[in-house]
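The values are calculated or read from the model by the stated rules, or taken from the named source; none is laboratory data. Source: prediction; values computed, not measured. When we count neighbours, we look across all protein chains shown, and the Cβ atoms used for this are built from the backbone with ideal geometry, even at glycine. The protein model used for the area step is the full one, side chains on, heavy atoms only, and it has no ligands, DNA or RNA in it. Shrake-Rupley method; radii C 1.70, N 1.55, O 1.52, S 1.80 Å.
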Amino acid sequence: MPPKKDPQVDAYIAKAPAYAKPILTRLRKVVHTAIPGIVEGTKWSSPHFDYKGIFCSMSAFKQHAMFGFWLERALRESLSAADGKALAALHHIESIDDLPDDKKLIRLIKAGAKLNDAGVKMVRAKKPAKPMPKTPPLLIAALDKNTSARATFDNASPSFKREYVNWIADAKSDDTRQRRVETAVAWMAEGKGRNWKYESKK
């Protein structure tokens, strides 16, 4: 049974730069060869292939094309060094000669399919938490003179503290900084956050 092709992918390849047309055409053919019945279409303006969920995609730019897997991080960890190198090369393809041979491509695609078969989910890397900025001495001194404000500040979340600290630190002059400290302490004495005026009222 011939592969079911999506007209949107046909249109994408037709509009691609001349160098990219044979690259995209071959990648498309190999994907269908490796996984008969795979579903193709477009997502985020590029051709995508679904196999038990989002699987792989290809794109063409002005001077290079790329091919990648949705679960690329997990796939990379499961490959040999040679296949890992071949996978990395698919991120920047300038000519059809840059593609691995079909046998190697099929091996990579089938290895990726095993992850989808196993129900592996994408794990996004967590962004490291921003370090807490240093509390300005002027604010510390002012808080020491106001018990209520000090209690609010000490028991507040890091984001609550960060908003006040950054607001004061961003002051362009000493006078502005002093006024902001006084305002901050007055608001915190009432238990208010830096942006309390914009918070939804329940």
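A few remarks follow.
- Cβ-Cβ under 6 Å pairs, at least 6 apart or on other chains, region 163-180 side farther than 17 Å from residue 141 by Cα, far side buried (at least 16 other Cβ atoms within 10 Å of the Cβ): 163/194; 171/177; 171/180
- Extreme residue, farthest from residue 134 (Cα to Cα), among residues of region 156-172 that are among the hydroxyl-bearing types (Ser, Thr, Tyr) and open to solvent by 50 Å² or more (accessible area, probe 1.4 Å): 157
Each row is one residue, and each column tells you yes or no for (1) of a type in the set (A, V, I, L, M, F, W, C); (2) modelled with pLDDT under 95.
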residue: 109; (1), (2): yes, no
residue: 127; (1), (2): no, yes
residue: 156; (1), (2): yes, yes
residue: 183; (1), (2): no, no
residue: 192; (1), (2): no, yes
residue: 197; (1), (2): no, yes
residue: 200; (1), (2): no, yes
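- The residues of region 127-158 include none that are in a loop (DSSP other than H, G, I, E, B) and acidic (Asp, Glu).
- Taking every residue in region 23-41 that is without any contact (Cβ under 8 Å) to a residue 40 or more places away in the chain and basic (Lys, Arg) and pairing it with any residue that is surrounded by fewer than 21 Cβ atoms within 10 Å (Cβ to Cβ) and in a helix (DSSP H, G or I), at least 6 positions away or on another chain, the pairs with Cβ-Cβ distances below 8 Å are 28/9; 28/13.
- When 45, 57, 78 are screened for being more than 21 Å from residue 121 (Cα to Cα) and open to solvent by 20 Å² or more (accessible area, probe 1.4 Å), only 45 passes.
- Residues of region 87-109 that are aliphatic (A, V, I, L, M), surrounded by fewer than 18 Cβ atoms within 10 Å (Cβ to Cβ) and free of Cβ contacts under 8 Å to residues at least 60 places away in the same chain: 88, 89.
- Hey, residue 103 assigned to a helix (DSSP H, G or I), within 30 Å of residue 28 (Cβ to Cβ) and of a type outside the set (A, V, I, L, M, F, W, C) or not: yes
- So residue 143, is it farther than 27 Å from residue 20 by Cβ, surrounded by 12 or more Cβ atoms within 10 Å (Cβ to Cβ) and not β-branched (Val, Ile, Thr): yes
- Residues of region 2-32 satisfying the condition of being farther than 14 Å from residue 60 by Cα and part of a helix (DSSP H, G or I): 7, 8, 29, 30, 31, 32
- Tally of residues being over 37 Å from the mean Cα position of the chain (by Cα) and assigned to a helix (DSSP H, G or I) across region 159-180: 5
- Condition met for residue 112 (on the phi > 0 side of the Ramachandran plot, open to solvent by less than 80 Å² (accessible area, probe 1.4 Å) and not hydrophobic (A, V, I, L, M, F, W, C)): no
- Selection from region 33-69 of residues that are among the hydroxyl-bearing types (Ser, Thr, Tyr) and either over 20 Å from residue 116 (Cα atoms) or in a strand (DSSP E or B) (or both): 42, 45, 46, 57, 59
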